[in-house]
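*Asks:* Starting off with a structure, shown below.
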Amino acid sequence: MTTSVDPTIMEWLKTEVVPEGLEFKPLRENRVLVRVKLEDVAKLAERFVKKLGARLSHETGVDREQSGFDIVYVYDFSNVKNLVLILEASVDRDNPIIPSVGKVTWQAVWAEREIKEFLGINVEGMPDPRHQFLPYEWPKNPETGLPSDLSLYTPATTGIIPTSANWKPIGIDPTTARSSLLPIGPYHPGVIEGQTVYVRVDGEHVIDADIKTGYHHRGIHRLIERRGYNKGVFVAERVCGICSAAHGLAYVTCAENLYDAEVPERAQYIRTLLVELNRVQSHILWIGVAADLIGWKTGFMITWGLRERVMDIIEAITGNRVNYGIWRLGGVSRDVSQELAMKARQTIPGLKEALTQLIPAVVDHPVVKARVVGVGPLTFAQAFDGGAVGPVARASNWKIDTRRDNPPHAMYDPRKISWEIVVDDHCDMLGRTLVRAKETFVSIGIVDQCLAYLEKTTGEIREKPQTIEPGSEAVGLNEAPRGELFYYMRAGGTDVADYMMPEGKHNVQGSNLLQAVRIRTPSYRNNAIIPQMLIGSALADVPIVMGSTDQCLACTDRVEVINDKTEESHTLTWEELVRMSQKRWRS
Amino acid sequence: MVDVLFTAVTMLIMVPVALFAGILYVFLFRKLSARFQWRVGPIVRMYKDLAPLLGTSRILQPLYDILKLFGKDTPVPDISRKTIFVASPYLAFLCAFLAIFFIPFPGVPLLSTMEDSLVIASYLLIGAVMFTILGAASSGSPWGAIGARRDVEIFLIYEVGFVVALFSVGLVARSLSLWEIATRPGLPMLILNPFAAVLLFLVILGKLAIKPLDMAEAEAEIVAGPFTEYGGKHLALFQLMKAFLFYDMIALFITLFLGSALSSILWLPAYIIAVIVLLFFITVIQVLHPRFQIAKGMSWYGRWVLVFGLLTAIMVLVLRFYWVV
Amino acid sequence: MAPARIKILKEVLAHYSSPMTLNYPSSVDPNKKYSTIPEGLRGVPERDQEKCIGCEACARVCSGMATKIFDDEAEAKRLVQIFLFRCTFCQHCADECPTEAIKMSKKFEVATGNRTDPANYVDTTLDLLRCGNCGHTFYPRKYVDKANELLMQKINPLVKDVVETDFKKVQDYCPSCRRAFAYKFDTHTKKHVWLEGQ
Amino acid sequence: MGIMDKARIYSPWLYHLHCGGCNGCDIETLAALDPRWDPERFGIQLVASPRHADILIATGCVPKQFIPMVKRVYDQVPEPKVVVAIGGCACGGSLFYNEDPDNYAILGSPDLLIPVDVYVPGCAPKPEAIINGIVQGILKLATKKKSAPAQKA
C-alpha cells in the first residue's frame, strides 16, 4: 500500500503529539492510524482540541465480535499540518465503558449518544445521556406507563462542560412547564421532514430550546454493510436526495482508499463536475426555501425557476435529476461526451448572468435583511466548540473547507482547479446567506473549469476494481453542500462472521462485504448546535434559524440501531437491551 | 314604498354581483401574483385537449375552491370549545356578507342611504375579523392560538387606522351616510385628503393579510394560523368571508375617496378601472415582500399607521376649519 | 430601500409577458409539453426478450432487489422480473448485462392506480433445460450457449479441442450432475491443467 | 356531472406527507410546483394543514418511528381524499426495505398503513411524472365522489 504521509509528520506525531501511541500506521493520502490505550483518549482529546486546535471529525465504534469493540476517533489537523489522525483504542467486550470526550468538546456529544445507543458501550460521564434516535420515553416503565430514566423529563445528572456552560439539555418537568412548551414538529410546514424542536416560549420569545431527531432513522449503515461495496454506493447516494453527489463521492473515495486505486483523471473531473453542480443546485434551492420560510413566495418561485436550468444540465449529464447513479469504484459509469460538455458550457454564462442579477436582489431586499440581520447568532468560539461545519462555520469566520484541507481528492487540487473559500464575519443568518450566495458563483467557476477540460479531451473513465485487503481501514472526507461529510470504512474479511450474511445469499463469506461503515453527515453536526442559535430569538425566527443550517434530517438520522424498538418496547429495559444486543453479536 | 321595494330588489341583485365581484378580485389577485412569479396562474383558456375533463376556464377558481370545501367533511376537534368554534365562521361570514349592503355600488345606493351606514359598515368589518380571532382562539390548537394572538396584535393597529380613516372622511363630508359621502359634489377625497387614502390602503393590507403583514397566517411558522383546525364547510365560509371582505374593502375605498364615481351606473367603467388599479397595487406589494417578523412588523406597521393617522387628523382640521369645503 | 425592490420588480417583470410555464399535461403544442428529455434519460428499464439469456447478472447487482428470478420447477420456466415499484432506474443492471438486453427507455410517466397491473413488471420468460440425468431443471439454453461462447473466446488454444468435445458430452446435464459424474464422462477439469502444463 | 362534482375535480389541494425518505422526492414534489410546471393552472395548491387537503402526497419509506404520525395525519384529512405515493420508496420500499434480511428500522411502503390510490414509481420521478400521478389522483377523487351518495342511499 502506497502512502503519501510526510516522514517529518510521522516524526512529529511520534514525539510531540501522541507519545502514548502503541502503533503507528500511515495510510493512503494523509491519514495516519494510531492505536492508543483506552485510558488515554480523553487526555489526548484535550491536548488535540484545546492545545493544537484540531477538530474532531467524528467519534464512532466498530464491533469486532469476540475481540471486543474498537473505538475510533478521527481528528482533522488541517489547521496545523496536512494530517488526518485516526485514533483507535480497544474496548473490552464484557465491560464496555469508555471515558467521555464530550466533556472536553461538544463536538463529541451527539456521537457519544449514538455510540451508547447503537453499540451498547457505556460512556462514563457524558454530558447529555439521553437517547439520540430512539424516542426519549423509550423504554417506558411497564407498570406505570411513565417514562423511565433517559427521558426528556429527567434532569441531566452530570455537569456540563465549563466552556459551553449554556448548553444544558432542557430538563423539563411536564407538570409545570408544558403550557409554554411548544413542540415544533414532527410535521410542520417549516420543515419538510420529521423532527421535533422543543421550544419553551415566553410570549413570542424563545427562552429554551432542544432538538429531537431520529424519526428518519433508516438503518443505512446496516444496509450498506449487508450489500457490499458495489451495491452500497446506491444506498449511500440515497442517504440524502439533495446532496446525493457528495455522498456518492465520499463513498467511492473512501472505498478507493481501502486499496490502491488509480482513478483516471477524466473520471475525477466528471466527479468534481457533478459534485459542484450539485452544490450549485443545493445552494439555489436553499435560497428559495429560505425565501419561502420567511414567507416570500416570489423569491421561492424565481429562484426555483432558475434552478431548473442547473437541473437540466445535471439531467443531460446523468439521466436523472436527483440520484445520479454514476458512481462506481474506480471511476464513473457514464462519460460526458465532448459535444455535451460543450453544450453545457454554453449555458453557463447565461446562468451566471441570471444569478448575478437575481441573488443580490434577493439578498439585499430590505425586508429580507430585516429578517436575517442579527438572527440566530453563532460566534466563532461557539462554532468551534460545537463543531459546526460547512457554510455555518464559514459564516462564523472559520475558514474550513474540506476541499482544501483534504489533499487532492477527486480533482480538488489547487494545481488543476482554482477556487476560493468564502468566509464571512457576520456570524448570523445574514452571514450564512451571503456565504451560500457567494459559494454558488465559486462552484459555477469550478463547473466551468471542469467542462473546459471535458470538452477538449477524451480518455478512460473507469479503472478495473481490485481486491481489497481484509481489515484495512479508510476515511473519506468531502465537502458536501452543507459541510464536511465523513465516511469511515473497514473492510470485512477478518472479524466478520456468518451473522452478516443473510443465509444462502452470498457464497463468499466476508471478503466482498464491509465490516463497518460509518457516516457522519454535516447536518448531524449543525443540528447539534441549533438550540444554541435558537435561544433568545423570536418564535417567528425559529423556522428560518432552523433553515439557516440547511438541515437535512434524512442525512442526520441515517445510522443503525441494534434492536427493533416497536416489538419489544414494553418488555425491555435499557440494560436488557444492552445485554441483548451484545449477546446477539457474541453468539 | 316604491323606494323600499327598489332597495329590496337591488339588494337581492347585489348578492350575486358582490359574490362574483369578490371571486373575481381574488382570481385577479392570484392571477397577477402568478404572472409576477414567472408562471401562468389559474388558467383563463384551458388547453383544448384537457377541456372536457378540467373545464374551459378557471376564472371562477376561488368559487370552485369554496364549493369543493362545502362538499367535504367538516372536522370539529375534540379539544375545541365547540359552540364558539362552530359559530364563529358563520358569524364572521355574516358580518362580511351584510357589509355589502351598506356600501354603495355605482348607481345603487342599497342601504347606504341610511344615516349611519358608515358606522354600521365599520362595525361589520371589524366584526368579521373579530369572529375569526374568536374561532381561532377556541380551536384548541397551539397554532390557532398563536395565530389568534398575532391577529389581535395587528388588529389593534389597523382598526385604529380604519376608524381614523373612515371618520376623517365623514368629518370632512359632514355626514356619516356613505351614500351622501359618495355623491358629495366637489373634489374627490383622494385629492383633498390623500393621507387618509394611504392610511386606508395600509389598513386594507393588514385586513386582507397581504404579504408583509400576513404574520397571522404565516405558513412556515404557524401552519395556517387561525384556520389551522378549520376544514370543510367552516373553511369554505372563511373563504367566502375573505372574498366578500375583498369586495367590501375595495368598494369602501372607492366610495370614500373617489366619491362621485358612484353617483350613476354610467360610472361603472371608471369603477372597474379603479378596482383594477387598486388590485394591481395590492398585488405588487404582495409579490415584492417577504413577511415581516412579528415584532418588527408591528413596530413598522404601527409607526406608519400612526404617522398617517396624525397627518390625516391634521388634514381634517385644516379642511374643516380653514378651508371650508 | 428602493433599489433592491426595483431590482426585484425588474426581475419579476422580465417574465411577465412570457411565463416560463410549460403546458405539461396538455399536448396541444408538442414543443411545449415536456421540459427536457435528454438523450441519456434514465427512464423505465426495458428488456429485449430475444437478447435476454436469463443469467441472473441483473438480479445479482440490483441494489433495491427490484429484479428477481423465479424458477418454476414443474413447468421448467424461468421468469426474470423487474418490479417497477421498487426499481430505482439506476442503470446498474443495464451496465452489467452481458448481452445488453436491458436498455433504459425514455418512458417515465408510469403512474398507476393498480398495484397488480402487469405494466408494473418487466417480465421475460425463458425455458429452462432439464437435466438428462436427475430430471431437475437448471439454466436456460441461451445462458449455457453464451457461457460456452465466452469460454471459447478466452480459452487457452491448447485445451480448446478437448473442452469442445467435453462440452458436447455434458451439455444436457445440470451442474451438480456434471460434477458428480465428471470421471464417468471423462470431463474432469484436472485434465486441462495437465494439458496446459505440457 | 353536477357543479359540486366539477368543483371537486377543479380544486384539488395537496398536503405533503413526508414519511421519512431521502428528501429527493420531496424536493421534486416542490419542484413540480415551481414556475416551470405551475399546477396552480388547474387549481392545485399546496396547503399547510392536513385539515384543508384533498390529496395526500406521500413520499418515502415509513421508518417505524413515523407510523403513528402517518396514521394521524391521514385521519386528519377530511373525506373524500386520495393518497398519491411518490417515488420508489413510497411504492414498494425500494432500497430500504428488504424482504428477507428484514430492515429493523423500516416498516416499508406507506400502503401498509394507509390506503394508497395512485403510485408513481421512479427514484426520483421527474416533476412531469409527479404531475401525471396527481392528475390520476384527481380522476380517482372524482370517482370517489360518485360512489358516496350511493352508499348513503
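The values are calculated or read from the model by the stated rules, or taken from the named source; none is laboratory data. Predicted model only: the values in this text are computed from it and were never measured. Cβ: placed from backbone, ideal geometry, glycine included. Neighbour counts: every protein chain shown.
*Asks:* Mind checking which residues of segment B:33-58 are under 28 Å from the mean Cα position of the chain (by Cα), surrounded by fewer than 18 Cβ atoms within 10 Å (Cβ to Cβ) and aliphatic (A, V, I, L, M)?
*Replies:* Correct list: B:VAL44 only.
*Asks:* Would it be correct to say that A:VAL206 is assigned to a helix (DSSP H, G or I), touching a residue at least 40 places away in the same chain (Cβ under 8 Å), away from chain D (no Cβ under 14 Å) and β-branched (Val, Ile, Thr)?
*Replies:* no
*Asks:* Select from segment B:44-93 the residues that are over 21 Å from B:ALA236 (Cβ atoms) and among the aromatic types (Phe, Trp, Tyr) and list them in ascending order.
*Replies:* Hit for segment B:44-93 is B:TYR47, nothing else.
*Asks:* Still on this structure, please answer the following. Tally the residues that are of a type outside the set (Gly, Ala, Ser) and crowded, with 18+ Cβ neighbours inside 10 Å, restricting the search to segment B:240-277. Outline the logic, then answer.
*Replies:* First, the residues of segment B:240-277 that are of a type outside the set (Gly, Ala, Ser): B:240-242, B:244-250, B:252-258, B:262, B:265-269, B:271-273, B:275-277.
From what is left, the residues that are crowded, with 18+ Cβ neighbours inside 10 Å are B:240-242, B:244-250, B:252-258, B:262, B:271, B:275.
Counting residues in segment B:240-277 that are of a type outside the set (Gly, Ala, Ser) and crowded, with 18+ Cβ neighbours inside 10 Å gives 20.
*Asks:* Can you work out which of the residues in segment C:90-121 that are acidic (Asp, Glu) and assigned to a loop (DSSP other than H, G, I, E, B) is farthest from the other protein chains (Cβ to nearest Cβ)?
*Replies:* Let us first name the residues in segment C:90-121 that are acidic (Asp, Glu), namely C:95-96, C:100, C:109, C:117.
Then drop every residue that is not assigned to a loop (DSSP other than H, G, I, E, B), which leaves C:100, C:109, C:117.
On the way: C:GLU100: 14, C:GLU109: 5, C:ASP117: 9 Å.
Selected residue: C:GLU100.
*Asks:* Moving on. Any chance segment C:109-123 includes a residue that's farther than 30 Å from D:GLY137 by Cβ and surrounded by 15 or more Cβ atoms within 10 Å (Cβ to Cβ)? First the steps, then the outcome.
*Replies:* Filtering segment C:109-123 down to residues farther than 30 Å from D:GLY137 by Cβ leaves none.
No: zero hits.
*Asks:* Which pairs do you get when a residue that is under 12 Å from A:ASN527 (Cα atoms), found in segment A:103-118, comes within reach of a residue that is among the basic types (Lys, Arg) and at pLDDT 80 or above, reach meaning Cβ atoms under 8 angstrom, with the pair 6+ apart or on two chains?
*Replies:* A:GLN107/A:ARG55; A:GLN107/A:ARG525; A:TRP110/A:ARG525
*Asks:* For segment B:54-86, how many residues are part of a helix (DSSP H, G or I) and facing another protein chain (nearest Cβ under 7 Å)? Reasoning before the result, please.
*Replies:* If we filter segment B:54-86 for residues that are part of a helix (DSSP H, G or I), which is where we start, we get B:54, B:61-70, B:82-86.
Cutting the leftovers down to facing another protein chain (nearest Cβ under 7 Å) gives us B:54, B:61, B:64-65, B:67-68.
Total satisfying the criteria: 6.
*Asks:* Wholly within segment D:54-153, which helices (runs of 4 or more DSSP H) include no fewer than the required count, namely at least 1 residues that are surrounded by fewer than 24 Cβ atoms within 10 Å (Cβ to Cβ) and either modelled with pLDDT under 85 or more than 7 Å from every other protein chain (Cβ to nearest Cβ) (or both)? Lay out the reasoning, then the answer.
*Replies:* Details: elements: D:67-76, D:87-92, D:127-152.
Counting at least 1 such residues, we get D:67-76, D:127-152.
*Asks:* Kindly indicate the residue of segment C:124-156 that is crowded, with 16+ Cβ neighbours inside 10 Å and among the hydrophobic types (A, V, I, L, M, F, W, C) and also nearest to D:ALA129 (Cα to Cα) among those meeting that condition.
*Replies:* The qualifying residue nearest to D:ALA129 (Cα to Cα) is C:LEU126.
*Asks:* Within the group B:LEU202, B:LEU171, which residue is at pLDDT below 85, farther than 30 Å from A:ARG200 by Cα and part of a helix (DSSP H, G or I)? It would help to see each step written out before you state the result.
*Replies:* Working: B:LEU202 fails: at pLDDT below 85.
The conditions single out B:LEU171.
*Asks:* Working only within segment D:5-28, note down all residues that are touching a residue at least 24 places away in the same chain (Cβ under 8 Å), more than 9 Å from chain A (Cβ to nearest Cβ) and part of a helix (DSSP H, G or I).
*Replies:* Residues of segment D:5-28 that are touching a residue at least 24 places away in the same chain (Cβ under 8 Å), as a first pass: D:5, D:8-22, D:24-28.
Now drop any that are not more than 9 Å from chain A (Cβ to nearest Cβ), which leaves D:5, D:8-15.
Selection gives D:ASP5, D:ARG8, D:ILE9, D:TYR10.
*Asks:* Going through B:ALA121, B:ALA165, B:ALA182 one at a time, which residue ends up being modelled with pLDDT under 80, among the hydrophobic types (A, V, I, L, M, F, W, C) and either surrounded by fewer than 21 Cβ atoms within 10 Å (Cβ to Cβ) or more than 18 Å from B:MET298 (Cβ to Cβ) (or both)?
*Replies:* Numbers: B:ALA121 fails: modelled with pLDDT under 80; B:ALA165 fails: modelled with pLDDT under 80.
Among B:ALA121, B:ALA165, B:ALA182, only B:ALA182 is modelled with pLDDT under 80, among the hydrophobic types (A, V, I, L, M, F, W, C) and either surrounded by fewer than 21 Cβ atoms within 10 Å (Cβ to Cβ) or more than 18 Å from B:MET298 (Cβ to Cβ) (or both).
*Asks:* Identify, from the list C:ALA66, C:ALA57, C:ALA74, the residue that is touching a helix residue (DSSP H, G or I) at 6+ places or on another chain (Cβ under 6 Å), more than 11 Å from chain B (Cβ to nearest Cβ) and of a type outside the set (Asp, Glu).
*Replies:* On the way: C:ALA66 fails: touching a helix residue (DSSP H, G or I) at 6+ places or on another chain (Cβ under 6 Å); C:ALA74 fails: touching a helix residue (DSSP H, G or I) at 6+ places or on another chain (Cβ under 6 Å).
Residue meeting the stated conditions: C:ALA57.
*Asks:* Would you say B:TRP300 is in contact with a Gly (Cβ under 9 Å, 6 or more places away or on another chain), part of a helix (DSSP H, G or I) and farther than 30 Å from B:SER80 by Cβ?
*Replies:* Numbers: in contact with a Gly (Cβ under 9 Å, 6 or more places away or on another chain): no; part of a helix (DSSP H, G or I): yes; farther than 30 Å from B:SER80 by Cβ: yes.
Considered against the rule, which asks whether it is in contact with a Gly (Cβ under 9 Å, 6 or more places away or on another chain), part of a helix (DSSP H, G or I) and farther than 30 Å from B:SER80 by Cβ, B:TRP300 comes out as no.
*Asks:* Moving on. Considering B:ILE250, B:ILE285, which residue is touching a Leu at 6+ places or on another chain (Cβ under 6 Å) and touching a residue at least 40 places away in the same chain (Cβ under 8 Å)?
*Replies:* B:ILE250
*Asks:* For segment A:1-58, give me each residue that is charged (D, E, K, R) and under 22 Å from the mean Cα position of the chain (by Cα).
*Replies:* The initial filter retains those residues of segment A:1-58 that are charged (D, E, K, R), namely A:6, A:11, A:14, A:16, A:20, A:23, A:25, A:28-29, A:31, A:35, A:37, A:39-40, A:43, A:46-47, A:50-51, A:55.
Hits for segment A:1-58 are A:ARG28, A:GLU29, A:ARG31, A:ARG55.
*Asks:* Considering only segment A:373-408, state which residues are under 21 Å from A:PHE441 (Cα atoms), aliphatic (A, V, I, L, M), in contact (Cβ under 8 Å) with a residue 60 or more places away in the chain and assigned to a helix (DSSP H, G or I). Walk me through how you get there before you give the answer.
*Replies:* Of the residues in segment A:373-408, the ones under 21 Å from A:PHE441 (Cα atoms) are A:389-405.
Then drop every residue that is not aliphatic (A, V, I, L, M), which leaves A:389, A:392-393, A:395, A:400.
Checking which are in contact (Cβ under 8 Å) with a residue 60 or more places away in the chain leaves us with A:389, A:392-393, A:400.
Hits for segment A:373-408 are A:VAL392, A:ALA393.
*Asks:* With respect to the numbered conditions (1) modelled with pLDDT of 85 or more; (2) surrounded by 23 or more Cβ atoms within 10 Å (Cβ to Cβ), which one is the sole condition not fulfilled by B:LEU213?
*Replies:* Failed condition: (1).
*Asks:* Checking A:CYS254 against (1) of a type outside the set (A, V, I, L, M); (2) buried (at least 23 other Cβ atoms within 10 Å of the Cβ); (3) in a loop (DSSP other than H, G, I, E, B), which single condition isn't satisfied?
*Replies:* (3)
*Asks:* Within segment D:29-42, work out how many residues are surrounded by fewer than 24 Cβ atoms within 10 Å (Cβ to Cβ) and either more than 9 Å from chain A (Cβ to nearest Cβ) or of a type in the set (Asp, Glu) (or both).
*Replies:* Of the residues in segment D:29-42, 1 are surrounded by fewer than 24 Cβ atoms within 10 Å (Cβ to Cβ) and either more than 9 Å from chain A (Cβ to nearest Cβ) or of a type in the set (Asp, Glu) (or both).
*Asks:* Among the residues of segment A:356-406, which ones are buried (at least 23 other Cβ atoms within 10 Å of the Cβ) and within 14 Å of chain C (Cβ to nearest Cβ)?
*Replies:* Answer for segment A:356-406, where residues must be buried (at least 23 other Cβ atoms within 10 Å of the Cβ) and within 14 Å of chain C (Cβ to nearest Cβ): A:VAL362, A:HIS365, A:VAL367, A:VAL368, A:ARG371, A:VAL372.
*Asks:* Here's a follow-up. Which of (1) surrounded by fewer than 24 Cβ atoms within 10 Å (Cβ to Cβ); (2) under 17 Å from the mean Cα position of the chain (by Cα) is the odd one out, the single condition B:VAL129 does not satisfy?
*Replies:* Result: B:VAL129 fails condition (1) only.
*Asks:* Among the listed residues A:LYS14, A:LYS50, A:LYS25, which satisfies the condition of being at pLDDT 80 or above, assigned to a strand (DSSP E or B), among the basic types (Lys, Arg) and out of contact with any Pro (no Cβ under 9 Å at 6 or more places or on another chain)? Show your work before the answer.
*Replies:* On the way: A:LYS14 fails: assigned to a strand (DSSP E or B); A:LYS50 fails: assigned to a strand (DSSP E or B).
Among A:LYS14, A:LYS50, A:LYS25, only A:LYS25 is at pLDDT 80 or above, assigned to a strand (DSSP E or B), among the basic types (Lys, Arg) and out of contact with any Pro (no Cβ under 9 Å at 6 or more places or on another chain).
*Asks:* Right, something else. With respect to C:CYS87, determine if the residue is crowded, with 17+ Cβ neighbours inside 10 Å and in a helix (DSSP H, G or I).
*Replies:* Values: crowded, with 17+ Cβ neighbours inside 10 Å: yes; in a helix (DSSP H, G or I): no.
Taking the combined requirement at face value, the residue does not satisfy it.
*Asks:* Answer yes or no: is there a residue in segment C:162-172 that is within 26 Å of the chain's Cα centre (by Cα) and either more than 14 Å from chain D (Cβ to nearest Cβ) or on the phi < 0 side of the Ramachandran plot (or both). Break it down stepwise before answering.
*Replies:* The initial filter retains those residues of segment C:162-172 that are within 26 Å of the chain's Cα centre (by Cα), namely C:171-172.
Those left that are additionally either more than 14 Å from chain D (Cβ to nearest Cβ) or on the phi < 0 side of the Ramachandran plot (or both): C:171-172.
Yes, segment C:162-172 has at least one match.
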